[in-house]
Structures are given as structure tokens and as C-alpha cells.
Amino acid sequence: MNVIRALTQNKVAMFGFAVLLLLSLIAIFGPMLYDGSPWKMVQRPFIPPFANDRFLLGTDTLGRDVLAGLIYGARISLLVGLVSTVIALLIGIPLGAYAGYFGGWVDEILMRFTEVFQTVPSFALAIVLVAIFEPSVYSITGAIAIVSWPPVARLVRGEFLALRNQEYVLAAKLNGQSHRNIILKEILPNSLSPIIVLASLMVATAILLESSLSFLGLGDPEIMSWGYMIGAAKTVIRQAWWLSFIPGVAIAVTVLALNLLGEGLNEALNPKLSGKREH
Amino acid sequence: MSIQTLMYIGGRLIKGAIVLLVIAVFNFFLIRAAPGDPAKVMAGEAGATDELFLQQLREQFGLDQPLYYQLWVYISNLVQFDMGITYRQQMPVFDLIMDRMPATLLLTGAAFLMSLLIGVLAGVVAAQKHKQWADSFITVAALIFYATPLFWLAMMAALFFSVYLNWLPSFGMETVGANLTGFDRFVDIMTHLILPATTLGLFFTAVYARMTRTSMIETTRMDFVKTAIAKGMTPNRVTYRHVLRNALLPVVTLAGLQAGQLIGGAVLTETVFAWPGIGRLMFEALFQRDYNLLLGVFFISSAMVVLFNLITDVIYCVVDPRIELSK
């Protein structure tokens, strides 16, 4: 519980948390409460923000409601960010755990495999994957997960390498516990805190990746997203700069909030480590 | 160079070659995993209606042969830099990529140098003015650059410096129709380079600034620095000769990591600034659904990262002889 106390006393992290809470509420309930589709032509195009009472943030190049786009975009950004991170953890944690726990040739093979994925330019790989499997929420989420798991595997491997010769692990081995049990019940719980910190930062990176993909036209054609809005406004930046400015701010605020929370978590979970860093 | 160093470089070469082989095999299966006829997938929408072109692709890649034979054909073609022909440009994929390569090398190289220079400098200043306003300013700026999407930052920079202030060009690599030569052409390209290179490097500028700051502050508290101060060295001399030199080591390890990010980021920057490099080519391939070209760019950009990592590894082991060569 010390962790929660340390976190709640960290004003910056709490600010990030509050912003994320608000964004999540918008993502979950916004589309139900706000009356309006992000795709429908509702007014003449290029209404600037705050010029029309009904459409607060104005309309885009095709006369679509910008505020509706932002609300629906929050949903897809957070969803893709969270789900792809969970999948990346599900790939990276077992791989890293096996490599670190067993060592030897298992470690060698798994780490070579990880290295290939780390060498490949990740954004280019994500583009190739989404393009070939056709853009959809599923292919985007999957592609982001596939390019994001290597750091998890490396981190978990390092933790397992450091912990596998600790006395409590050796005791568990002498007790005749299965490898599975030792990995899941003894070592993993003790290496959770750096994984949590990394995961919070991964959600941020995933949101940036998703927006970059949809900016290039690789978004799900059925779903409005912030990156798509910027991409669609690219050609009219001279006439209507706000159309690309507003969704960009939304992305930056979301990612910043996640990073602030992640750093707060880092300080709360690894007080010694971050203390050393801060001086 | 010692035998040990040569063996180390040889080992790295083999490792790089294996990585490239894995990527090639991955590309091969990716085309076949995509829904539909592989010839049609390769041709993309551009050439899908031309039966003659599809036939040509089938023959070239042996698509009517068993899978292992196809893989063999694919890999042996690749080794000879043969990646097939793009339908729209009617040009070998490899030649098309090499045509665009210099522009990307210029852009990513400039972005790399800029991020390293500005980042390290900002980190040194932040560490020296630790807990003063310059430190806070640099820390906050780094936090913001961490969080902003690269393509958006690029667009905003173009909007501000090009559209609003009219200082810098934001389109292409040279002024269209100016036909400049010699020094004038050089200056023209450099002015076109400033915006794309700065925005592409900005993320890592922030990373370097934060790393240098942390690393400097840690090194400052080491005993040899205390000794240097105690024997009466001037503060600047201590900072640059003792602290910075040692603080830079962790920064160098990041440089290899940056290569992949720069190549990926180049797709976005080149798209925003219409920079005629391979990133822009990748975007065009996407737009035309030309998957053979897309995978070709992907393979070559991975090869660039492998090569860059090799170079940084070698530099690293020359700069810091303490590194174990066997690893």
C-alpha cells in the first residue's frame, strides 16, 4: 500500500492519472451521450472552431463534426493502445521468462529470435503487416503488438536471470515445485513492478503508432481516428490549420498523461532506483 | 587491428547476414499468407488486371513450383539484388530503391547528427544548471517531444516556419525548375533539409538530452571527478574532459537503436515534406498497393539498420576497449 500512497502524493503522476480517467470516460460514454456521427455531413465544410454553437469545434473538409471525430477517436486510440499492449505482454513475458529461467540454449535461441525483431525498423514492419493483411482494427492491434513485445522479453529475461538463483527460488526447487509453479508463483510476482512501468509506457507508444498508421491511410476504414483526421486535413493545412492541429493536441495530451503516470509508477515502485537517478 | 578485433567483426557480419536471411524468409511467407493469389498480391492493384504481367511474375518467382523451390528462387534472386519489377514504373525494384537511397541517407544522417549534437549539448546544460530554470525547461521540452506524434510535429513545423514565417521551404529536396549548380545547389538542398531533419531527429534529441543529463549527474559524483576538482581543475575542464567523456558511453549505445527509429520515421517525415527518399517510396507503394515494392523497401531498410548496427558496434569497441570482444 506504500506504493499507492507514494503515487497519490506525486502531483504530476496524479495529474496524468486524472487526464487518463477523463479520457477513458469520454471514450466509454462519449459516443452514447454526444449526439452525432463522426462520418455524417452535418454542415457546410471548414467552419472554424467556436464559430457555431451546435458544432463547437467546427467542421472538416467534408462538413463532418470535428468534436464527434475527437470523441470517437478517443475510443479507438485507447482501445488499440491497451489491447495491443496486453497482447505484447502475453508474447513477451513467457518468452523472456523461459529464456531467463532456463538459460543455456533456450536462452540463446529465444534471444536471437528477439534480436531479429529488435533490429527490424518497427514502424516499417507495422506498415508492411497492416498493408498485407488489409487495414482493420484487428490487423492494426496485432501489428502493433508484434512490433512492441521485444523490450518486454528482454526486461523479463533480465529480471528472471537476476532472481533465479535467489534463496527463495532455490528453496522452491528443493521443495520439488514444478518449473511452471516457480516461474508463475515465485519469480513473476517479484518482477512485476518494472513490467508495470514498461507497460504504461508501451500503451503510450502504441497510441503514437496507431495514429501514425492511420495518418498514412492505414487506419480501419470503418472507424474514425485522430491520425486519420490529421491525414485527411494534411492537404488543406494552409486554409484550415486547426483541422490538423486539434487532433494532434488530443494525441499529445493522451500520450503525455500516460508518460507522466508511467514515471510516477516508476518512482513509486522502484524508490531506490529512481532516487539514484534523480540526484 | 588485432586478430581478435577482426574475428569480432567477422562474427558480427555473420550475425547480420542471418538476421537478413530471417527477414527475407519472413517476407516470402508474408506474401503467401496474404489472402489471394500470390502473383496478384505481389502485383498489387496496379497490375492485377494485366494477365501478361502476372504470368511474368509467376515465371520469375516460380509460383507454380513447390514451396521450397519458390523459397530457393526468392532467396537466390535476392542475393543477386533481384527483387522483381514494379508494374507502374516498369523498373526493377532494386534500382528504384537505390535511386531514392541518397536522399534518405542525407535526411537520416543529418537527423542523427543533429539529434546527437543538440541532445548532448542540452543534456550538458541541464546537468550543469541542475535544479535551475534551464534544467526544468529542457526537462519539460523533452517530455513534450516524447509525447507528440512525429508526423504532426512535422506538419506544425512546416506550418509555422514555412507558411506563417516564410523562412524555409517545406516541400521537396530542391527548388523545382531552379536548375542550380555547384554551391548554390548545395545551399538550396541544405535549406530544404533543415525542417525534415530537425523534426525527424527531435524525438531522439529529447532522448539524448535526458540520458546525457542523468549520466552526467551520476558521473559527477564519482571519485575521479572529486579528485579532479580537488586538484584545482577549472569547472569547465572537469565537465568536458572528465565528466562528459565518461557520461557519453551509455549515449553511444543508444545510437544503434536510433537507426531503426530513423528509418521508420523517415516514412512519415518524407511523406509530410515530399522528400524524395525511400520512405516516400514506401508511402507511394502503399498508395498503389504495390506489395512487391513495399516488401523491397522493407528489406532494404532492414539491411540499412543491420549495417548501421555493425558500424556502431565496431566504433564502440574501438572507442571503449574495455568492451568484451567475445560478446
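The values are calculated or read from the model by the stated rules, or taken from the named source; none is laboratory data. This one's a predicted model, so the numbers in the text were calculated from it and none came from an experiment. Counting neighbours? That spans all protein chains shown, and the Cβs are built from the backbone with ideal geometry, glycine included.
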Tell me which residues, restricted to the range B:60-82, are without any contact (Cβ under 8 Å) to a residue 40 or more places away in the chain, hydroxyl-bearing (Ser, Thr, Tyr) and within 24 Å of B:LEU96 (Cβ to Cβ). B:SER76
For a quick check of your reading of the model, give me the residue pairs whose first member lies in the range B:188-208 and is without any contact (Cβ under 8 Å) to a residue 24 or more places away in the chain and farther than 24 Å from A:THR205 by Cβ, whose second is crowded, with 24+ Cβ neighbours inside 10 Å and not aromatic (Phe, Trp, Tyr), with beta-carbon atoms closer than 9 Å and at least 6 apart or on different chains. none
Filter the range B:215-240 for residues that are of a type outside the set (A, V, I, L, M), closer than 25 Å to B:SER136 by Cα and in contact (Cβ under 8 Å) with a residue 12 or more places away in the chain and give the result. B:SER215, B:GLU218, B:THR219, B:THR220, B:THR239
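Table: residues versus (1) of a type in the set (D, E, K, R); (2) within 14 Å of another protein chain (Cβ to nearest Cβ); (3) touching a helix residue (DSSP H, G or I) at 6+ places or on another chain (Cβ under 9 Å); (4) on the phi < 0 side of the Ramachandran plot.
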residue	(1), (2), (3), (4)
A:SER37	no, no, yes, yes
A:GLU108	yes, yes, yes, yes
A:GLN118	no, yes, yes, yes
A:PRO135	no, yes, yes, yes
Quickly run through the range B:71-93 and pick out the residues that are farther than 14 Å from B:ASN27 by Cβ and touching a Gly at 6+ places or on another chain (Cβ under 8 Å). B:TYR87, B:ARG88, B:PRO92
Would you mind telling me which numbered condition in (1) acidic (Asp, Glu); (2) without any contact (Cβ under 8 Å) to a residue 24 or more places away in the chain; (3) surrounded by 15 or more Cβ atoms within 10 Å (Cβ to Cβ); (4) in a helix (DSSP H, G or I) B:GLU174 fails? (4)
The residue from B:ASP135, B:ASP184 that alone is over 17 Å from the mean Cα position of the chain (by Cα), of a type in the set (Asp, Glu) and more than 14 Å from every other protein chain (Cβ to nearest Cβ) is B:ASP184
Tell me which of these B:GLY232 doesn't satisfy, since it passes every other one: (1) of a type outside the set (S, T, N, Q); (2) within 11 Å of another protein chain (Cβ to nearest Cβ); (3) assigned to a loop (DSSP other than H, G, I, E, B). (2)
Every residue in the range A:197-256 that is of a type in the set (Gly, Ala, Ser), within 21 Å of A:GLY30 (Cβ to Cβ) and within 8 Å of chain B (Cβ to nearest Cβ), please. A:ALA204, A:SER211, A:GLY227, A:GLY248, A:ALA252
Taking the range B:255-277 and keeping residues part of a helix (DSSP H, G or I), of a type in the set (A, V, I, L, M, F, W, C) and modelled with pLDDT of 75 or more leaves B:ALA259, B:LEU262, B:ILE263, B:ALA266, B:VAL267, B:LEU268, B:VAL272, B:PHE273
